[in-house]
Ligand SMILES: [Fe+2]
Ligand SMILES: [Fe+2]
């Protein structure tokens, strides 16, 4: 399936006209896209799969600057009750779908880039990891540098470690852990993560 023009443009760093992201956010998306591109090269992905993976980096936070009330109006009804900070994933996915993007795994990757989901494909998992590991964040830098280097060869291990750290952080702060996140964790520790990813 050839890439949708919107996706192909994003792989070149061109954001949609509906994007709402300030300079800092665009710089973050660029770093995530670069990391996704490096991992794609290291894994020997063909050009189209590489571009698709890079596009995820440039699109995942494209409407992070949109007000939550506005996002609630455009997301699918099932996402309206999500907390404000995670609405921008479903928001960007809804706008991409409206533009004609039909790649369900691509849309799922954008939708669940903050929460994780057991049905994420390899590119969606890479996005989840890159969003956390990109070099611009100032957090556990030594550990994140080593995780970045390990990702192309040991993606399952790296994913498991990131989800473990993020769930631990939520529990530590007495915050709820969403079902999708727990299901993502279970898919990683039950060793069926990659097989199931193609079943959506
Ligand atoms: Fe995000
Ligand atoms: Fe992000």
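Some values worked out for this structure:
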read-out: Residue under evaluation residue 6, criteria (1) in a helix (DSSP H, G or I); (2) in contact (Cβ under 8 Å) with a residue 12 or more places away in the chain; (3) more than 16 Å from ligand 2 (Cβ to nearest atom); (4) more than 16 Å from residue 109 (Cα to Cα), criterion not met; value: (4)
read-out: Residue count for segment 44-66, restricted to those that are over 19 Å from residue 97 (Cβ atoms) and away from ligand 2 (no atom under 16 Å from the Cβ); value: 8
read-out: Helices (runs of 4 or more DSSP H) fully within segment 69-159 counting 1 or more residues that are free of Cβ contacts under 8 Å to residues at least 12 places away in the same chain and either on the phi > 0 side of the Ramachandran plot or in contact with a helix residue (DSSP H, G or I) (Cβ under 8 Å, 6 or more places away or on another chain) (or both); value: 88-98, 141-150
read-out: Boolean, residue 103 is within 12 Å of ligand 1 (Cβ to nearest atom), within 24 Å of residue 181 (Cα to Cα) and within 17 Å of the chain's Cα centre (by Cα); value: no
read-out: Residue among 148, 97 that is within 17 Å of residue 62 (Cα to Cα) and away from ligand 2 (no atom under 14 Å from the Cβ); value: 97
read-out: Residue match in segment 104-111 (condition: more than 14 Å from ligand 2 (Cβ to nearest atom) and over 24 Å from residue 133 (Cβ atoms)); value: yes
read-out: Some residue of segment 169-178 being buried (at least 22 other Cβ atoms within 10 Å of the Cβ) and away from ligand 2 (no atom under 16 Å from the Cβ); value: no
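Table: residues versus (1) under 19 Å from residue 21 (Cβ atoms); (2) at pLDDT 95 or above; (3) away from ligand 1 (no atom under 16 Å from the Cβ).
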{"residue": "38", "(1), (2), (3)": "no, yes, yes"}
{"residue": "44", "(1), (2), (3)": "no, yes, yes"}
{"residue": "47", "(1), (2), (3)": "no, yes, yes"}
{"residue": "51", "(1), (2), (3)": "no, yes, yes"}
{"residue": "54", "(1), (2), (3)": "yes, yes, yes"}
{"residue": "58", "(1), (2), (3)": "yes, yes, no"}
{"residue": "63", "(1), (2), (3)": "yes, yes, no"}
{"residue": "66", "(1), (2), (3)": "yes, yes, no"}
{"residue": "71", "(1), (2), (3)": "yes, yes, no"}
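The values are calculated or read from the model by the stated rules, or taken from the named source; none is laboratory data. Note that the structure is a prediction, hence the values are computed from the model and not measured. Cβ: placed from backbone, ideal geometry, glycine included. Neighbour counts: every protein chain shown.
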